[in-house]
């Protein structure tokens, strides 16, 4: 039996944010996550760090929270944020009377929204429809959700926070109306762990209702599926929003060399409903074309979906109309001491959500330490010496990229690269070198090539793994990294993930890519036949 | 600008080049239009005819061929045509200095070994790829070259040992020092194969392998035994080192596919086929069910009496798609596909997918048919992946279909 003060359930932005916050306040905590870190909505969204402009009219309070948190995150998490700025664009299809309401609401929320001449806007973003009517600049930014969560995790680790990934909570033990312990199963080894604790925090996002049900209570969390498309081009340098009441498919977010278009909003049956119907993709293209007329000629890298954990209090609205605000439940009101749940919210305000929850939790524990998460950067900047060394062992532009991805681990990886005869570049599209891949693969949190992909961006670029997956699994086998599954299974799993992302967009250039993938991996390497012929 | 020839072939993959060669044998003037390198640059010089049927490995392709579905190109042209095409090709290659062999009488498909450590069935292959010797071998050395990203002995050994018949073999992995300086980040088997064509390169390979001779029964190498001189290099090394050398099949750039490509190109030149590079055909001039000419990007008109279209499938651009729609790219022949996009593919990447079998429907003479079975174009034949009714990836039948249909299309066009 393990002992700790707080068990946190859920390894998304909120849960990890809470782990960091508690660890910085000196409260012992263990986090349980059923998948990998940020496997849910925290990595399955468009990666927009909201300025708040999107919520200004409908929920001015949420908009104010957004701009405040946006400012904080650009400071503490700058390795994860690309300060791309955003445009709000009034198109020929949007109601012009909304413009003034929106401008006033932004001012009220404290969001700077400066008008820009349409001609100047088109010079900056020449792929936009020339027939747009008005443009405003806002401090939107692109954020790498996955990386931000990981950097929070690194910070939490530094303060003693502990994380167990691939651990699914199976029971929450109670005694005399109090939470006593949390039991979880390691989904990879099948082992069970029991962690005794004083408090439990349910930050399971779309899975939060399932956790509440474990203690015999009920809550209104409605998973809401949002579909997104990643394109193989950075056809906009800025985040582009439609200047109208928030709707489907009206946000474009550039990330590195790609652009993400999102999202739809459909009620999902299950929190893990990540199925993307082709209709969603076609609908996004239809709507997106209003801003970018050439949209259909750009290659789609993948379509994917996440589920938003919308909180529905009794009788309130669902779907697009539901609040993006968050809600903290103290289950002592229902007769169970020692358990708090946090519902709803959005990525941009994860830190604030964690702060509010930890304030409540600490008051219950009698801890007086104040929140410091807004004051201290998630990771320290690499020293000039380490960067200088890195430039000799990483590809030119790759040193910076690796430093941003790796955070705390960067100096270790640089040392590893220096010790190698040659730090080969394994993923040319995203500039990921062997030292980084080996390091991440050796992390206990990595259980497959897919986990390595998520942390390093291996296989996320133009080739989508067609050329880099074989050499990566080869390299890892060569240097003795072993995963719970065989190299062939690993490769099949990796390719299968990519396949899933292309199936709902099977036409045009995507269809060519799919045929190429099958040509290499089935026709040439016979991975399909080998599946039945090789013994486990 | 106008160019006129008796026969016009579009596409420089195995199907197109084969069609151009057989058409040229008729003595007629032949033009071959190329757009890109063709699929040999991503495959190999081994001719997979039919490695799998209904998910099971075939012992040899011809006995099961008759049981393929009716729309399969092999069924359309008949088993005999496939056999004749393969015989022709074997002879042709031997004459061009690239010996490809079918398995010995009574033996099943050849067994190839890939850099993924898998085995793959194939029908015709050069001696250097024939891995039959591995069955009787006890000690097997697996080689890579320093900084060759795509070839890793430990992976290959680990995977090969998952096959029951290889589980007990003594495998050992070795890395040869990289002979090419200043290109360390990007060494592919193609770089080394080109180097080995030179005297220095051959010496390098010989010297580095010599130390292992006598200790192993088989050497598994990346495909690095030369390009133009591959056959001689392989023979020389095998004899001098007295060891069975097997080249593994690798991912693109495909060394052995390019060897075959070079052989075919050379032959086309010798036969007087006019090759035009970088010509993309966009449309056709068709009158009363007869094609009069094709138009390329620059508005150039390519006239001919007979046409062979070997433009490939989705990957090469012979087939175009839009959401829920598919058509042949030059003549805009609609392909019968469901509007539901999800029905196009299997949820499993290696499952049976409709889009993989999508292509032009033809008669036994490879002329395109409409839905009622009537000939759409009297003087146009289709060959290779642009044809529907088969899945080259799962069946391991890509080169077999390309070769057989290319051979037939060229032969028939030559007879008109």
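Before moving on, here are some points about what is shown:
Residues are listed down the side, and each one gets a yes or a no for (1) touching a strand residue (DSSP E or B) at 6+ places or on another chain (Cβ under 7 Å); (2) part of a helix (DSSP H, G or I):
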site: A:183; (1), (2): yes, no
site: A:188; (1), (2): no, no
site: A:200; (1), (2): yes, no
site: A:206; (1), (2): yes, yes
site: A:247; (1), (2): no, no
site: A:271; (1), (2): yes, no
site: A:287; (1), (2): no, yes
site: A:291; (1), (2): yes, no
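- Count of residues meeting criterion [within 14 Å of chain A (Cβ to nearest Cβ) and over 24 Å from the mean Cα position of the chain (by Cα)] in segment B:117-143: 2
- Looking only at residues of segment A:487-536 that are within 7 Å of chain B (Cβ to nearest Cβ) and not in a helix (DSSP H, G or I), we find that the one that is modelled with the lowest pLDDT is A:535.
- Filter result for residue A:64 (free of Cβ contacts under 8 Å to residues at least 12 places away in the same chain and either more than 30 Å from residue A:380 (Cβ to Cβ) or touching a helix residue (DSSP H, G or I) at 6+ places or on another chain (Cβ under 6 Å) (or both)): no
- Enumeration of residues in segment A:348-384 that are at pLDDT below 95 and assigned to a helix (DSSP H, G or I): A:384
- Among (1) modelled with pLDDT of 90 or more; (2) within 20 Å of the chain's Cα centre (by Cα); (3) surrounded by 18 or more Cβ atoms within 10 Å (Cβ to Cβ) - the single one residue A:275 does not satisfy: (3)
- One residue stands out in segment B:144-161 among those that are under 25 Å from the mean Cα position of the chain (by Cα) and crowded, with 24+ Cβ neighbours inside 10 Å: the one that is nearest to the other protein chains (Cβ to nearest Cβ), namely B:152.
- Single residue of B:167, B:213 found to be in contact with a strand residue (DSSP E or B) (Cβ under 9 Å, 6 or more places away or on another chain) and surrounded by fewer than 19 Cβ atoms within 10 Å (Cβ to Cβ): B:213
- The single residue among B:203, B:194 that is farther than 29 Å from residue A:427 by Cα and more than 8 Å from chain A (Cβ to nearest Cβ) turns out to be B:203.
- When restricted to residues that are in a loop (DSSP other than H, G, I, E, B), crowded, with 24+ Cβ neighbours inside 10 Å and facing chain A (nearest Cβ under 9 Å), segment B:380-396 contains 1.
Residues checked against (1) part of a loop (DSSP other than H, G, I, E, B); (2) over 31 Å from the mean Cα position of the chain (by Cα); (3) assigned by TED's automatic domain parsing to the domain that holds residue A:162:
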position	(1), (2), (3)
A:104	no, yes, no
A:112	yes, no, no
A:120	no, yes, no
A:136	no, no, no
A:150	no, no, yes
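- Residues located in segment B:102-116, provided they are at pLDDT 95 or above and either part of a strand (DSSP E or B) or under 17 Å from the mean Cα position of the chain (by Cα) (or both): B:109, B:110, B:112, B:113, B:114
- Selection from segment A:249-269 of residues that are assigned to a strand (DSSP E or B) and surrounded by 24 or more Cβ atoms within 10 Å (Cβ to Cβ): A:251, A:252, A:253, A:259, A:261, A:262
- Enumeration of residues in segment A:278-298 that are more than 10 Å from every other protein chain (Cβ to nearest Cβ) and buried (at least 19 other Cβ atoms within 10 Å of the Cβ): A:280, A:284, A:288, A:290, A:291, A:292, A:295, A:298
- Scan segment B:354-377 for residues that are in contact with a helix residue (DSSP H, G or I) (Cβ under 7 Å, 6 or more places away or on another chain) and either over 24 Å from residue B:330 (Cβ atoms) or within 14 Å of chain A (Cβ to nearest Cβ) (or both) and the total you get is 4.
- Residues located in segment B:163-189, provided they are touching a residue at least 12 places away in the same chain (Cβ under 8 Å) and either outside the structural domain of residue B:208 (by TED's automatic domain parsing) or under 16 Å from residue A:488 (Cβ atoms) (or both): B:163, B:166
- Looking across segment B:219-254 at every residue that is part of a loop (DSSP other than H, G, I, E, B) and more than 14 Å from chain A (Cβ to nearest Cβ), the one that is surrounded by the fewest Cβ atoms within 10 Å (Cβ to Cβ) is identified as B:242.
- Residues of segment B:347-379 satisfying the condition of being touching a strand residue (DSSP E or B) at 6+ places or on another chain (Cβ under 8 Å), assigned to a loop (DSSP other than H, G, I, E, B) and over 16 Å from residue A:511 (Cα atoms): B:361, B:363, B:365, B:366, B:367, B:376, B:377, B:378, B:379
- Flag for residue A:214 being closer than 30 Å to residue A:365 by Cβ and touching a strand residue (DSSP E or B) at 6+ places or on another chain (Cβ under 9 Å): yes
- Comparison of B:287, B:328, B:322, B:306 shows that the only residue that is facing chain A (nearest Cβ under 10 Å) and at pLDDT 95 or above is B:322.
- The single condition among (1) exposed (fewer than 14 other Cβ atoms within 10 Å of the Cβ); (2) within 14 Å of chain A (Cβ to nearest Cβ); (3) outside any loop (DSSP other than H, G, I, E, B); (4) more than 29 Å from the chain's Cα centre (by Cα) that residue B:181 does not meet is (3).
- Matching residues in segment A:438-480 - criterion: being within 14 Å of chain B (Cβ to nearest Cβ), farther than 29 Å from residue A:511 by Cα, free of Cβ contacts under 8 Å to residues at least 40 places away in the same chain and part of a helix (DSSP H, G or I): A:476, A:477, A:478
- Across segment B:190-206, the qualifying residues are those that are closer than 24 Å to residue B:157 by Cα and without any contact (Cβ under 8 Å) to a residue 40 or more places away in the chain, and the one among them that is surrounded by the most Cβ atoms within 10 Å (Cβ to Cβ) is B:205.
The values are calculated or read from the model by the stated rules, or taken from the named source; none is laboratory data. Because the structure is predicted, anything quoted here is derived from the model rather than measured. Counting neighbours? That spans all protein chains shown, and the Cβs are built from the backbone with ideal geometry, glycine included.
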